[in-house]
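Chemist: Just passing along the structure, written as C-alpha cells.
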Amino acid sequence: MKRKIKPTVDCVFKAIFGKEENRNLLINFLNAVLELTEGKRITEVTILNPYNEREFETGKLSIVDVKAMDQRGRRYQVDVQLAVGPWLSLRMLHNWAAVYHAQLEKGKRFSTLKPLISIWVLDGILFEPEEPDDDDDERDWLHVDFEIWSRRLEIPMNDHFNIHILQLPYWPRDGRAEND
C-alpha cells in the first residue's frame, strides 16, 4: 500500500527545507514566497541552528523548523503549523522576537541587526474575511504578510519586521497558482 508523504508534517518539512543538501529548495521557496525580482533574489543561504536558546532558566525555549541567513545577512525563520488557533499569532510574534533578539550579543551595536523574515505555512486558516463578498478572491487570503507600518503617515518604521503567512486551505483547488 502506497502512502502519501505530507510535506506539512514537521519532520518532512525540515528534511525538505532544513538540510544543507537541499539548500536550493529553500532558496527557491524563499524567492517565490517573497516574490523577489532579479538583482534582489537570494542566491545563497546558510542553514542555522533551529533552537532559540533561552537566556534565563525560566525563559521559554523555542525551536523553529528552519532558520537560515542569506548572502546579505538577512535572517529567515520558516515554520509549518498543523494546529491553528487564536494563540498562533502570539507564537509567531514570540518566535520572530526570539530569533531577532538572538542576533544582538553583549557589546554589539543595534546597527548590526539585520532584517528577519518569518514565514509560516499553515495547514489551517488563521485569518479570513469577516464577511466575504463576491469581490473577495480566496487567493488574497492565501499569502498574508505583515510589517511595521504607520497607518497615518503610510511609511514603514524599517524593513526588519516581516511575517508572511501561507494559509494552505486557500490554495486553489485546481492546484494552480494565480500566475500559472
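Chemist: Say the cut-off is 20 Å between C-alpha atoms; which of Lys40/Lys114; Lys14/Lys67; Lys14/Lys114; Lys19/Lys40 go over it? Display every interim value, and only then the final one.
Modeler: On the way: Lys40/Lys114 16 Å; Lys14/Lys67 10 Å; Lys14/Lys114 24 Å; Lys19/Lys40 23 Å.
Pairs exceeding the cut-off: Lys14/Lys114; Lys19/Lys40.
Chemist: For region 74-174, what % of the accessible area comes from carbon and sulfur atoms, probe 1.4 Å? All intermediate terms of the calculation are to be shown ahead of the outcome.
Modeler: Details: 3440 of 6610 Å².
C and S atoms contribute 52 percent here.
Chemist: Non-local amide H neighbours of Gly124 (under 5 Å, H modeled in plane, Pro and chain starts lacking H): which ones?
Modeler: The answer is Leu168.
Chemist: Could I ask something else about it? Excluding ligands, DNA and RNA, what is the solvent-accessible area per residue of region 1-47 at a probe of 1.4 Å, expressed in Å²? Present the calculation step by step, with values, prior to reporting the outcome.
Modeler: On the way: 3470 Å² over 47 residues.
Heavy-atom accessible area per residue stands at 74 Å².
Chemist: Hey, another quick one. Suppose each label sits 7 Å from its Cα in the direction of the beta carbon; what would the Arg173-Asn24 distance come out to in nanometres?
Modeler: 3.6
Chemist: Another question, if that's okay. Would you mind getting me the FRET efficiency between Thr8 and Trp149? Use the beta-carbon distance for r and R0 = 30 Å, nearest 0.05.
Modeler: Details: r = 30 Å, r/R0 = 0.99.
My answer for the efficiency is 0.50.
Chemist: Can you pull the accessible area of Glu147 for me, 1.4 Å probe, Å² to the nearest 10?
Modeler: 90
Chemist: Could you put Trp141, Trp149 in order of accessible surface area, largest first, with the 1.4 Å probe and the full protein assembly present?
Modeler: Numbers: Trp141 65, Trp149 120 Å².
Solvent-accessible surface, decreasing: Trp149, Trp141.
Chemist: Take Leu82, project a point 7 Å from its Cα along the Cβ direction, then tell me which residues of region 1-37 have their backbone nitrogen under 15 Å from it.
Modeler: 4-15
The values are calculated or read from the model by the stated rules, or taken from the named source; none is laboratory data. Here the structure is a predicted model, which means the values were calculated and not measured. All Cβ positions, glycine included, derive from the backbone under ideal geometry; neighbour counts span all protein chains shown. Remember, those area values only see protein heavy atoms, side chains included, never the ligands or the DNA or RNA. Shrake-Rupley method; radii C 1.70, N 1.55, O 1.52, S 1.80 Å.
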